[in-house]
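Working notes for the structure below.
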């Protein structure tokens, strides 16, 4: 189409550049998990499942035939996403269940209901997360990122551990990120109550994810449970909505610069699907995966004494023993 006053060469150059950027983006997104591994007869839980990588993960499990429970805080958004997934995949066995990772009571209620409904759990995907929000605490007084990203998933996983063991072979996937390399477990102020640093608190929570995966794997070595920590890569999701740059006019400059190296949620979810279903990952014991490849995590992430310390603190802060006892009583 001819455009007045605009040379054809300029249009051609723009089109060529756009094409090159799209090709670069596709290649940078990494490989897709193309193995046609089916998931019939598998029951799956995905947290934070109504948007982004979580929603894309549910979609992929659903198209492979799994029964999927979407554990979400916002039921309206969850139901909207669920309907779309059911229509697109033709799999009617996709369900919304309320689960607020910022509330220990909500997590315990989710587990209670799930166990009343389902005898098995084959894959647990700990996906939900928050990144650099304003300073705040969860319903139980935990710094928001530590509470949602780590402690909420710690309690959820441990309350479901008996079901995972009874359903073995089963898998637990913990989403982390490259931010864990900058992370440090602040033993003197784990809750960042003295001096809040949003970025440091986020990195600490992502390090906690890796430490949790490694310690969980150590504790379940004889249970036939595969545990993997997964970095899905830089993704085009709403996770960064709290960042200052996302709320300023500079986002119109920054976003186009990063867009070529951002993965779509469906491409980022491929790393999760690989860890959850690939037969070659079955013997993984707490390894850290980047682009579907085992990768060495930070030195602090490999500190087994630190992992054990964090586990003990997490048990105490989440009142794990009390929640287990209440579930046992309810089931009796």
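Would you point out the residue of segment 289-299, among those that are in contact (Cβ under 8 Å) with a residue 12 or more places away in the chain and either crowded, with 16+ Cβ neighbours inside 10 Å or touching a helix residue (DSSP H, G or I) at 6+ places or on another chain (Cβ under 9 Å) (or both), that is farthest from residue 267 (Cα to Cα)?
Among them, the one singled out is 298.
So that you can scan it fast, the table gives a plain yes or no per residue for (1) more than 22 Å from the chain's Cα centre (by Cα); (2) buried (at least 16 other Cβ atoms within 10 Å of the Cβ); (3) farther than 30 Å from residue 162 by Cβ; (4) modelled with pLDDT under 85:
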{"residue": "253", "(1), (2), (3), (4)": "yes, no, yes, yes"}
{"residue": "262", "(1), (2), (3), (4)": "no, yes, yes, yes"}
{"residue": "269", "(1), (2), (3), (4)": "no, yes, no, no"}
{"residue": "277", "(1), (2), (3), (4)": "no, yes, no, no"}
{"residue": "287", "(1), (2), (3), (4)": "no, yes, no, no"}
{"residue": "301", "(1), (2), (3), (4)": "no, yes, no, no"}
{"residue": "309", "(1), (2), (3), (4)": "yes, no, no, no"}
{"residue": "319", "(1), (2), (3), (4)": "yes, no, no, no"}
{"residue": "323", "(1), (2), (3), (4)": "yes, yes, no, no"}
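Within segment 125-234, which helices (runs of 4 or more DSSP H) (wholly inside it) include 1 or more residues that are under 17 Å from the mean Cα position of the chain (by Cα) and more than 25 Å from residue 72 (Cβ to Cβ)? If you could, list the steps in order and put the result at the bottom.
On the way: elements: 153-159, 161-166, 198-219.
Passing ranges, in order: 198-219.
Please work out if residue 123 is buried (at least 24 other Cβ atoms within 10 Å of the Cβ) and in contact with a helix residue (DSSP H, G or I) (Cβ under 8 Å, 6 or more places away or on another chain). Let's see the steps before the verdict.
Details: buried (at least 24 other Cβ atoms within 10 Å of the Cβ): yes; in contact with a helix residue (DSSP H, G or I) (Cβ under 8 Å, 6 or more places away or on another chain): yes.
In short, yes.
For residues that are within 18 Å of the chain's Cα centre (by Cα) and either under 22 Å from residue 190 (Cβ atoms) or assigned to a helix (DSSP H, G or I) (or both), tally how many sit in segment 289-299. Even if it seems obvious, please write down each step before you answer.
Let us first name the residues in segment 289-299 that are within 18 Å of the chain's Cα centre (by Cα), namely 289-295, 297.
Then keep just the ones that are either under 22 Å from residue 190 (Cβ atoms) or assigned to a helix (DSSP H, G or I) (or both); that gives 297.
Residues in segment 289-299 being within 18 Å of the chain's Cα centre (by Cα) and either under 22 Å from residue 190 (Cβ atoms) or assigned to a helix (DSSP H, G or I) (or both): 1 in total.
Give the residues of segment 67-83 that are within 15 Å of residue 39 (Cβ to Cβ) and either surrounded by fewer than 23 Cβ atoms within 10 Å (Cβ to Cβ) or out of contact with any helix residue (DSSP H, G or I) (no Cβ under 9 Å at 6 or more places or on another chain) (or both), sorted by residue number.
Result: 67, single match.
The values are calculated or read from the model by the stated rules, or taken from the named source; none is laboratory data. The structure displayed is predicted, hence computed values, not measured ones. As a convention, Cβ positions derive from the backbone with ideal geometry for all residues, glycine included, and neighbour counts pool all protein chains shown.
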